[in-house]
Structure formats: structure tokens, C-alpha cells
Amino acid sequence: MIKISIISPSVRKGRLSHRAALYFRNFILEKNIGDVEILDLAHYNFPLFDERLRRQENPTPAMIDFSDRIRKSDGVIIITPEYNGGYPASLKNAIDLLYSEWQKKPVAFVTVSDGNFGGTQSITALQFVFWKIGATSVPVSFLVPYVDKSFDADGVPADKQTMDKRAEAFVNELLWYIRAKKDAPE
Ligand SMILES: Cc1cc2nc3c(=O)[nH]c(=O)nc-3n(C[C@H](O)[C@H](O)[C@H](O)COP(=O)(O)O)c2cc1C
């Protein structure tokens, strides 16, 4: 069974991008694609980064839990809101904690905004960071403009047919890389 983690990085009160995380979790379950869980950075509440996990003398249980879940994931979907043309500090804070966990890990990006550009400017920096850390950045993007109108608070899309069609193409691309990695020699 394929295992996918969805990282929901917004820690903002009244956050909206988490709706997209809920949608993708529901989509993967509905389509029986595999096991899926949301890694909610608001829930993890990591302190401001001061050292990589592997060099910490007393890592918190939350950090160890996050590391384990990423390590065990076959692929990761990152839901990123766009903040001033980039991605949120909470996300970089979590990425930098880990290193080997990311190696060759297929990672696909969903960008979110409340305007009409769908957070598209945040993706370049994020792809570069994941290239640098040795992950496999899946060359596909999923833009969510007008997030407040696109999903309700439970992640139910306003236009389910269109959203599901787009999500299918996006997730299929991630699955291709997941399978390629599974088939590849160690
Ligand atoms: C600090 C900050 C900066 C933002 N900068 C941008 C931006 O550069 N481009 C954009 O389209 N939306 C921007 N927005 C609007 C966000 O896309 C919108 O608030 C979205 O809901 C953020 O996700 P969140 O609600 O999960 O935090 C910004 C929002 C915040 C809080």
C-alpha cells in the first residue's frame, strides 16, 4: 500500500490553505490510492530552528514523530500558501530539521492563494530547496486560486468534478515517481 503524507504548513489563525490539505486527503481516500495522513505544522508547533534533528542532543517527541512519518512516506504532497512571493517560514523551519529523510523522496507541490494567481510565485524557491536537499521534485504543479471560494472549511470543493480531474492528473504524476523509486535499485 502506497503511503502519502500531506504537509499543511500554515500556522496562521483562520488559515485557509489547510482546506486544500483536507481536499487532497479526502481525494486520495475516495480513490483508494493509498494510505494518507496530514502532517499539520500547526499541530507540531516546532520551535524556531536551531539545529538539524540528527545533531540535536534532546530532540522533542514531535520532531522524532515528524522524521519517522516522512521517512516512512513513499511520497509527500506539500500544500504551500504564498506569503510575499515565497513560502511560509514554518515550512522552511520543518524542512531544515530533516536531511536523509528527504533523499530521493518524491515531493509534489500545491500552491495556494486567496487571489487569482494561485500562489504560483512560491513554487520556484521551494523546488530549489528540495533539489538542494536531494529530494525528487515532481515536475507538476497544482495551483489553487481563490482558496476561500474553491473549498469549504471541510475541504469540499465548489466544483468537485473539475477539481477531481485536476487532482487525478497531479496525483498520477506523483504516483509515477513513487513507483519509479520503488522499482529503482538501492
Ligand atoms: C504574510 C502574508 C503574505 C501574503 N503574500 C501573498 C502574496 O505574495 N501573493 C498572494 O497571492 N497572496 C499572498 N497572501 C495571501 C494568501 O495567499 C492568503 O492569505 C492565503 O489564505 C494564505 O494561506 P493561509 O490562509 O493558509 O495562511 C499573503 C498572506 C499573508 C498572511
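The values are calculated or read from the model by the stated rules, or taken from the named source; none is laboratory data. Because the structure is a prediction, the values reported are computed rather than measured. Because the Cβ atoms are built from the backbone with ideal geometry, glycine has one as well, and the counts that use them run over all protein chains shown. Calculation scope for accessible area: heavy atoms of the full protein, side chains included, ligands and nucleic acids excluded. Shrake-Rupley method; radii C 1.70, N 1.55, O 1.52, S 1.80 Å.
Under the Kirkwood approximation applied to all pairs of distinct alpha-carbon atoms, what is the hydrodynamic radius of the chain in Å?
Values: mean 1/r = 0.0605 Å⁻¹.
Value: 16.5 Å, from the Cα pair sum.
Can you list residues whose amide H is under 5 Å from GLY119's amide H, if they're 5+ apart or on another chain and H is modeled 1.01 Å from N?
For GLY119, the qualifying residues are SER113.
Could you give each residue of the stretch 87-95 its phi-based ³J(HN,Hα) in whole Hz, using Karplus coefficients 6.51, -1.76, 1.60 with θ = phi - 60°, and x for Gly or Pro?
Karplus values, whole Hz, x for Gly and Pro: 10, x, 4, 4, 6, 4, 4, 7, 4.
Under 16 Å from the Cα of LYS165, which lysines turn up, not counting those fewer than eight places away in the same chain?
LYS165 reaches LYS31.
Please report, as a whole percent, how much of the solvent-accessible surface of the stretch 3-183 comes from carbon and sulfur atoms (probe radius 1.4 Å). The partial results should precede the final answer.
On the way: 4570 of 9160 Å².
In the stretch 3-183, the share of accessible area belonging to carbon and sulfur is 50 percent.
Please give the per residue accessible area of the stretch 5-80, computed with a probe of 1.4 Å over protein heavy atoms only, in Å². Intermediate results must be reported in sequence, preceding the final value.
Working: 3890 Å² over 76 residues.
With all protein chains present, the stretch 5-80 gives 51 Å² per residue.
For a protection proxy built on the mean count of beta-carbon atoms within 10 angstrom, sort 36-43, 20-27, 159-166, 117-124 highest first, please.
Working: 36-43: 16.4, 20-27: 22.1, 159-166: 12.8, 117-124: 18.6.
Averaged packing, sorted descending, gives the order 20-27, 117-124, 36-43, 159-166.
Please name whichever of TYR83, SER100, GLN121 sits farthest to the positive end of the charge dipole of the stretch 35-186, dipole taken about the Cα centre and charges placed at Cβ: Lys and Arg +1, Asp and Glu -1.
With unit charges placed on the Cβ atoms, the residue in question is SER100.
For the stretch 65-71, just list the computed ³J(HN,Hα) in residue order, Karplus coefficients 6.51, -1.76 and 1.60, θ = phi - 60°, integers in Hz, with x standing in for Gly and Pro.
Karplus-based 3J(HN,Hα) across the stretch 65-71 equals 4, 4, 4, 4, 5, 5, 4 Hz.
Non-local amide H neighbours of VAL110 (under 5 Å, H modeled in plane, Pro and chain starts lacking H): which ones?
Hits under the 5 Å cutoff: ILE78, ILE79, THR80.
Let's see if you can work this out: charge +1 on each Lys and Arg Cβ, -1 on each Asp and Glu Cβ, no other charges. What is the dipole magnitude of the chain about its Cα centre, in debye to the nearest 20?
Values: 24 positive and 23 negative charges, 55 e Å.
So the dipole magnitude of the chain works out to roughly 260 debye.
Note down the net charge around PRO88, summing +1 for each Lys or Arg and -1 for each Asp or Glu among other residues with Cβ under 15 Å from its Cβ.
On the way: positive: ARG12, LYS13, ARG15, LYS92; negative: ASP40, GLU82, ASP96, ASP114.
Spelling it out: positives minus negatives among the neighbours equals 0.
Along the stretch 149-161, what does the Karplus equation 6.51 cos²θ - 1.76 cosθ + 1.60 (θ = phi - 60°) give for ³J(HN,Hα), rounded to whole Hz, x for Gly and Pro?
Calculated HN-Hα couplings, in order: 8, 6, 9, 8, 5, 8, x, 7, x, 5, 10, 5, 4 Hz.
Using the Cβ atoms and a cut-off under 14 Å, what net charge is assigned to the surroundings of LYS182, where Lys and Arg are +1 and Asp and Glu are -1?
+3
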